[in-house]
Amino acid sequence: MAVIVSTTDMSKLVNFAKIHRKPLIVAAILLILLLSSQRSGNGIKPVQIDKVTSREVIKNISATGETSTKNEFSVRAPVEAKIQQIMFESGSQVKKGDVILVLNSASLKSSAETAYATYLSAKAAVDSYDEQVESAERSVVDKKLVRDEAWREYMADNSENKKQTYKNAEATYKSTISTLQTLLDKKLALIETQNSSYSSYLVSRDNLNNSQIKASEDGLLALEELTQGDLLTTGDKLFSLVNENGMEFTAEADENDIDSIQINKPVKVSIDGYPNDTFEGMITRIDAQTRITNTGSTVVEVGINLNLKGKRPILGLSGSADIEVGRESEKLSVPYDSILFDEDTSYVFLIVGNKVKKQEIKIGFEGNDYVVILDGVNEGDMVVVGKETEELQDGSKVSYFKAE
C-alpha cells in the first residue's frame with residue numbers, strides 16, 4: 001500500500017523532532033526515509049503526482065520592453081536652428097506653456113529672409129513670363145490675320161504662287177501657337193515654384209515668430225542630449241513630457257506570436273524598477289514593420305497604454321509584459337509537464353494502486369501551465385508530473401507524493 005508523504009511535511013516533522021528533542025521520532029522518520037530510498041533502489045520509483053481537475057486554463061505571451069511616452073508627448077524641432085538657451089533641466093516638473101528651449105532668432109531671421117528672397121525671385125520669373133506670354137498671344141492674333149488673308153487670296157486666284165503664300169502663312173501661324181503653348185507650360189511650372197516658395201516663406205516666418213519651444217502638457221521633462229549652441233535639424237527630437245496619462249510600455253513581441261495579439265486587449269506589466277508592483281495596461285498599437293534585435297531575433301513593436309498607479313513616471317525602465325492570448329474556464333486539465341508525446345499520440349501516466357498506467361489522451365487548448373484534456377482521463381484521476389515521466393513504463397511500480 002502506497003502512502004502519500006509530502007517532502008515539505010517530512011521536513012517539518014524532522015524539524016519538529018529536533019526542536020522537541022524526540023530522538024525516537026527522529027529515528028523513526030529517518031527509517032521511513034531509508035525505507036523509501038531502498039524501495040526506490042528495488043525498482044519502486046518515487047514520483048510526484050497531481051490531480052486531474054476542472055480549472056481555468058490561461059495562455060500568455062511574454063515580451064520584454066521598456067517604459068516610453070506616447071508620440072503626442074514628444075516634441076521635435078520645427079526648423080533648422082541653433083539652441084540659444086535651455087530653460088529647464090531634465091527631470092524638472094513643468095507645466096503646459098512653459099518655455100523649454102529658446103532657438104537662436106538670428107538664424108531663424110536669416111532663414112526667413114532667404115525664403116522671402118527665393119519667393120521674390122520666383123515671382124519675378126512669373127512676371128517676366130507674363131510679358132512674354134502677352135507678346136506671344138498678340139503674335140498669334142497677327143499671324144492668324146495674315147493666314148486668313150492668304151487663304152482668301154488663294155481662293156480668289158488658285159495660282160501656285162498664292163497657294164505657296166498661304167502654306168507659308170499657315171506654317172508661321174502654327175509655329176506661333178506652339179511658341180505660345182511652350183510659354184504657358186513654363187509659366188505654369190514657375191507659378192508652382194512661386195507658390196511653393198511662398199509656403200516655405202510663411203513657415204519660416206511662423207518659425208521666427210515661434211522661436212520659443214513650449215511644453216504642450218504638464219509633466220516631468222525628459223530632455224534629449226542637448227546643449228546650448230547645438231545646431232538642430234528639422235525633425236530632431238528635443239524632449240518628451242512624462243506623466244501618467246502619457247506613459248506607454250513598448251514591448252518587443254516575437255514575430256511568431258504577433259497573430260495572437262490584438263488591439264484593446266488587457267496586459268499585465270512588470271517593471272524592474274518597481275519589483276513589488278504589477279501594472280495594468282491595454283494594447284493600443286501594433287507596429288506595421290518588424291525589426292531585428294541585437295541577438296538576431298525578429299520582433300514587432302507593441303505599444304501598451306500603462307497605468308503606473310501613482311508611481312513616478314520614468315522613461316527607459318526595463319520590464320516585461322504578459323499578454324493574454326487565450327483563456328478557457330472550468331475545463332478538465334492536467335499540468336503541461338505531465339504529458340508525453342510520441343509522434344502523433346499524447347499520453348499521461350495514471351496512478352493505479354502502486355503502479356502507473358500509460359493512458360492515451362486527446363488534448364485541446366494549451367495554456368502556459370495546464371492543458372485542456374478532451375478525452376482519456378476523468379475528474380479526480382492522479383497523473384505523474386515532472387521529469388520522472390520520461391523514466392516510466394506502463395506498469396512501473398511507484399511511490400508518490402503530491403506536487404506542491
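Readers should treat all values here as calculations from the given coordinates under stated rules, not as data from a laboratory. Note that this is a predicted model, so its numbers are computed, not measured. All Cβ positions, even for glycine, are placed from backbone atoms using ideal geometry, and neighbour counts span all protein chains on display.
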(message) Going Cα to Cα from Lys331, which aspartates and glutamates come in below 16 Å? Please leave out same-chain ones fewer than 8 positions away.
(response) Asp50, Glu56, Glu366, Asp369, Asp375, Glu379, Asp381
(request) Using +1 at the Cβ of each Lys and Arg and -1 at the Cβ of each Asp and Glu in segment 106-209, identify which of Ser199, Ala189, Ser110 lies farthest towards the dipole's positive end. (result) Ala189
(request) Please tell me the relative contact order of segment 106-209 in percent, rounded to the nearest whole number, where contacts are Cα pairs under 8 Å and at least six residues apart. (result) 54 percent
(message) Compute the helix-to-body angle for 7-19: its Cα long axis versus the longest principal axis of the chain, expressed 0 to 90° and rounded to tens.
(response) 60 degrees
(message) Straight-line reach only, C-alpha to C-alpha below 21 angstrom: list the lysines that Lys144 could link to, leaving out same-chain residues fewer than 8 apart.
(response) Lys162, Lys163, Lys167, Lys174
(request) Starting at the first residue of segment 181-191, write each ³J(HN,Hα) from the Karplus equation 6.51 cos²θ - 1.76 cosθ + 1.60 with θ = phi - 60°, in whole Hz, x for Gly and Pro. (result) 5, 4, 5, 5, 5, 5, 5, 4, 5, 5, 5
(message) How large is the convex hull of the C-alpha atoms of segment 58-123 per residue, in Å³?
(response) 208 Å³
(request) Starting from one equal scatterer on each C-alpha and no solvent at all, send me the Debye-based log10 I(q)/I(0) for segment 106-209 at q = 0.13 Å⁻¹, two decimals. (result) -0.62
(message) Just to be sure I understand, if you calculate Cα extents along the principal axes in Å for this structure, which of (1) 68, 42, 40; (2) 142, 65, 33; (3) 67, 48, 42 do you get?
(response) (2)
(request) Compute the longest continuous run of the chain that contains no exposed trypsin sites (Lys or Arg not before Pro); treat a site as exposed when its DSSP state is not H, G, I, E or B and it has at most 11 other Cβ atoms within 10 Å. (result) 97-308
(request) Identify, among Ile49, Ser320, Leu332, the residue whose Cα sits farthest towards the positive end of the charge dipole of the chain, taking +1 on the Cβ of Lys and Arg and -1 on the Cβ of Asp and Glu, with the dipole about the Cα centre. (result) Ile49
(request) Fewest Cβ neighbours within 10 Å first, please rank Met247, Met155, Met382 accordingly. (result) Met155, Met382, Met247
(request) Mind putting a number on the dipole of segment 304-404 about its Cα centre? Charges go on the C-beta only, +1 for Lys and Arg and -1 for Asp and Glu, and I need it in Debye to the nearest 20. (result) 620 debye
(message) Checking the table Lys70/Lys109; Lys362/Lys387; Lys265/Lys387; Lys95/Lys309 against a 24 Å threshold on Cα-Cα, which pairs fail?
(response) Lys70/Lys109; Lys265/Lys387
(message) Apply the Karplus curve 6.51 cos²θ - 1.76 cosθ + 1.60, θ = phi - 60°, to the phi angles in segment 309-319 and return the couplings in whole Hz, x for Gly and Pro.
(response) 6, x, 5, 5, x, 9, 7, x, 6, 6, x
(request) Show that you can apply the helix-only estimate: for the chain, add -39,500 (n - 2.57) for every DSSP H stretch of four or more residues, divide by all residues, and state [θ] at 222 nm to the nearest 500. (result) -12000 deg cm²/dmol
(message) Just to confirm a number: summing +1 for Lys and Arg and -1 for Asp and Glu over residues other than Asp394 whose beta-carbon lies under 10 angstrom from that of Asp394, what do you get?
(response) +3
(request) Can you tell me the dipole magnitude for segment 106-209 around its Cα centre, using point charges on the Cβ only (Lys, Arg +1; Asp, Glu -1), in Debye to the nearest 20? (result) 140 debye
(request) Rounded to whole Å and ordered largest first, report the semi-axes of the equivalent ellipsoid of segment 145-296 derived from its Cα gyration tensor (root of 5λ). (result) 73, 26, 14
(request) Please name which of Thr67, Ser135, Gly376 has its Cα lying farthest along the dipole of the chain towards the positive end, using unit charges on Cβ (Lys, Arg +1; Asp, Glu -1) and the Cα centre as origin. (result) Gly376
(message) What is the angle, in °, between the Cα long axis of helix 105-156 and the longest principal axis of the Cα atoms in the chain? Nearest 10 is fine, range 0 to 90.
(response) 50 degrees
(message) From Cα pairs below 8 angstrom and at least 6 apart in sequence, can you work out the relative contact order of the chain, rounded to a whole percent?
(response) 30 percent
(message) Could you tell me the center-to-center distance, by alpha carbons, between segment 329-348 and segment 110-167 in angstrom?
(response) 89 Å
(request) Report the charge-dipole magnitude of the chain in Debye, nearest 20, computed about the Cα centre from +1 at each Lys and Arg Cβ and -1 at each Asp and Glu Cβ. (result) 940 debye
